[in-house]
Amino acid sequence: MNLLTVADLNNEEIDNLIERASALKERHRKGIPHTPLRGKTLGLIFEKSSTRTRVSFEVAMHHLGGNAVFISGKDSQIGRGEPIKDTSRVMSRYVDGIVIRTFGHEIIEEYARYSAVPVVNGLTDTHHPCQVLADVLTVVEKKGFYKGLKFCWIGDGNNMANSWIEAAMRLGFDLTLACPKGYAPDNAFLKKAKAEGASNIRVTENVEEAAKDADVLNTDVWASMGQEEESERRRGDFKGFQINSDVLKLAKKDAIVLHCLPAHRGEEISDEVMEGAHSAVWDEAENRLHIQKAILEWLLAEGGR
Ligand code: CP
Ligand code: NVA
C-alpha cells in the first residue's frame, strides 16, 4: 500500500486517519510512549527543499520508536542520474518505508512500481496529500466536523489545490476555488471529481464569490517550487488573489484561515491575517506530525493494515 494521492484513500480511511491522529496527539500530550515502529527505518528522498515535511516525518519516526534516514536528491546518486527504478529497488533492501518529495508525479509513480516497501508522497508538482490530510485534521479540531462546511481556495490551481479537490471529492464538503485566468487546476482533476459524482466543487475567477460565507479559507504561494523563474509574471497575474482582512470579512464570523506554509506575506496572504485571530496555520503545521504518525503506523506497523 502506498499513499501517493488523497484519492488513494476512501472516505472511511481518511476518517480513520483523522481519528487516529487525534488519539496519537492526545497520547503524546500526556507523555504516554507509543513505539510500534521499533526497529523500523523510514527513508526520505527529497529533490526539493523542505522544513515541515522533513522534520515532521523524522520526528514522527522518532516518536514511534523507529529511525529516519534523509537522502537529498542532489547529494545522492539520484542527482547524478541513477535510474529511479534502480534506486527504488536498492532502497527497498534497506528501509521499511519511504517518503519522496520530487517534481513530476510520474517519478513517484515509477518509484512506487518498483518499491517493495510503502511509498508516501511528501509533495510532487501535482499532489501534496499529507498536507491536505493535516489540514482536514485541523478543521475537525477547530470545527468538530467537516461535513456541510464551505471551503474556499484562493490562488493557484497547484498541487495543494488538486489535493483539496480530491479531498472534497472523497469527503463531500463544498469547495470553491478562485484562481486567476489561466491558473485554474488541471481539468483532469475536476473531470475525475465529476465522474465520481462530486457536484460540490466549483471554480471561479472571483475571490469575493469564493470567500462569501466560507468556513475555511485556504491559500498557498503564487509560485511553487520549480516555478521560480515565473515568479515575476505570476506576481502580476495573481494581483488581488490574496486573503486579507477585506476578504476575511466576507467569510463566516468564525472562519479559519489555512496556509500550508511557507507563506509570502503581502502576496497570497496579508501579514495581518496570517498573525490574526482566525489564522490556524501553526496548529496546521503541527498537525503534519500527528497525521503522519497515523499514516506511518497504518502503513508500517505489524498488523497496522
Ligand atoms: N507545507 C510543507 O510541505 O512545508 P515544507 O515545504 O517546509 O515541507
Ligand atoms: N505549492 C507549494 C507547496 C509548498 C509546501 C510548492 O509546491 O512549492
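The values are calculated or read from the model by the stated rules, or taken from the named source; none is laboratory data. Computed from a prediction, not measured in an experiment: that's the story for all the values here. Quick reminder, even Gly has a Cβ in these numbers, built from the backbone with ideal geometry, and neighbours come from all protein chains shown. Just the protein is used for accessible areas: all its heavy atoms, side chains included, with ligands, DNA and RNA removed. Shrake-Rupley method; radii C 1.70, N 1.55, O 1.52, S 1.80 Å.
If I fit a long axis through the Cα atoms of helix 105-114 and take the longest principal axis of the Cα atoms of the chain, what angle between them do I get, 0 to 90°, rounded to 10?
For helix 105-114, the angle is close to 20 degrees.
With the contact rule set at Cα under 8 Å and sequence spacing of 6 or more, what percent relative contact order holds for the chain?
Normalised by residue count, the contact order of the chain is 20 percent.
Lys pairs in the range 1-110, Cα-Cα under 26 Å, at least 8 apart or on separate chains: how many?
Lysine pairs meeting both conditions in the range 1-110 amount to 8.
How large, in percent, is the carbon and sulfur part of the accessible surface of the range 1-45 at a probe radius of 1.4 Å?
Its accessible area is 45 percent carbon and sulfur atoms.
So in the range 160-270, what percent of DSSP beta bridges are antiparallel if you round to the nearest 5?
0
If you build a Gaussian network model of the chain, linking Cα atoms that sit under 10 Å apart, which residue out of Val95, Val119, Val69 swings the most?
Val69
How large is the translational diffusion coefficient of the range 115-225 in µm² per second when you combine the Kirkwood radius over alpha carbon pairs with Stokes-Einstein at 20 °C and 1.002 mPa s?
The estimated diffusion coefficient comes to 150 µm²/s.
Trypsin sites (Lys or Arg not before Pro), restricted to the range 42-94: which are DSSP loop and have at most 11 other Cβ atoms within 10 Å?
Those that pass, being in a loop and sparsely packed, are Arg93.
Over 20 Å apart: what share of the alpha carbon pairs of the range 167-305 falls there, rounded to a whole percent?
56
Based on the mean of other beta carbon atoms within 10 Å per residue, what is the order of 28-38, 100-110, 275-285, most packed first?
100-110, 275-285, 28-38
Just report the Cα centroid separation between the range 1-70 and the range 204-241, whole Å.
One Cα centre to the other: 29 Å.
How big is Rg to Rh over the range 164-211, alpha-carbon atoms, Rh as the Kirkwood inverse-mean-distance radius?
Value, to two decimals: 0.95.
Using alpha carbons only, how many degrees (0 to 90, rounded to 10) separate the axis of helix 159-171 from the longest principal axis of the chain?
90
For the range 23-91, what is the convex hull volume of its Cα atoms per residue in Å³?
Dividing the Cα hull volume of the range 23-91 by its residues yields 99 Å³.
Step through the residues of the range 86-97 one at a time and calculate ³J(HN,Hα) from phi using the Karplus curve (6.51 cos²θ - 1.76 cosθ + 1.60, θ = phi - 60°), rounding each to whole Hz and writing x for Gly and Pro.
Going residue by residue, I get 6, 4, 4, 5, 5, 4, 4, 7, 10, 10, 9, x Hz, with x marking Gly and Pro.
For the Cα atoms of the chain, what angle does the longest principal axis make with the long axis of helix 129-143, in degrees from 0 to 90, nearest 10?
Between the helix axis and the principal axis of the chain, the angle is about 60 degrees.
P(r) for the chain: what percent of alpha-carbon pairs falls in each 20 Å bin, starting at zero?
Using 20 Å bins, I get a P(r) of 35, 58, 7 for the chain.
When all C-alpha to C-alpha distances in the range 223-305 are sorted into bins of 10 Å, what percent of pairs does each bin hold, rounded to whole numbers?
Calculated over all Cα pairs of the range 223-305, the distribution is 15, 34, 27, 17, 7, 0 percent.
Could you grab the Rg to Rh ratio for the range 123-185? Cα atoms only, Kirkwood for Rh.
Taking Rg over the Kirkwood Rh, I get 0.97.
Return one whole number: the accessible area per residue of the range 1-143 in Å², for a 1.4 Å probe.
45
So for the range 173-305, if I pair up every lysine 8 or more residues apart or on another chain, how many of those pairs have alpha-carbons under 28 Å apart?
So the count works out to 19.
If you average the C-alpha positions of the range 92-153 and of the range 246-305 separately, how far apart do those two centres end up, in angstrom?
Rounded to whole Å, the Cα centres lie 14 Å apart.
Take the Cα atoms of the range 1-121, find their three principal axes, and give me the spread along each one in whole Å, biggest first.
46, 29, 26
How high is the relative contact order of the range 12-171, given as a whole-number percent (alpha carbon pairs under 8 Å, six or more residues apart)?
For the range 12-171, the relative contact order is 19 percent.
Using a Gaussian network model of the chain with C-alpha springs under 10 Å, which one of Asn287, Asn11, Asn67 is most mobile by mean-square fluctuation?
Asn11
Given only helices, namely DSSP H runs of n ≥ 4 each adding -39500 (n - 2.57), what is the per-residue ellipticity at 222 nm of the chain, to the nearest 500 deg cm²/dmol?
-12500 deg cm²/dmol
Can you tell me the dipole magnitude for the range 1-139 around its Cα centre, using point charges on the Cβ only (Lys, Arg +1; Asp, Glu -1), in Debye to the nearest 20?
The dipole magnitude comes to about 640 debye.
Which one of Met91, Gln227, Met160 has its Cα pushed farthest toward the positive end of the charge dipole of the chain, where Lys and Arg give +1 and Asp and Glu give -1 at the Cβ?
It is Met91.
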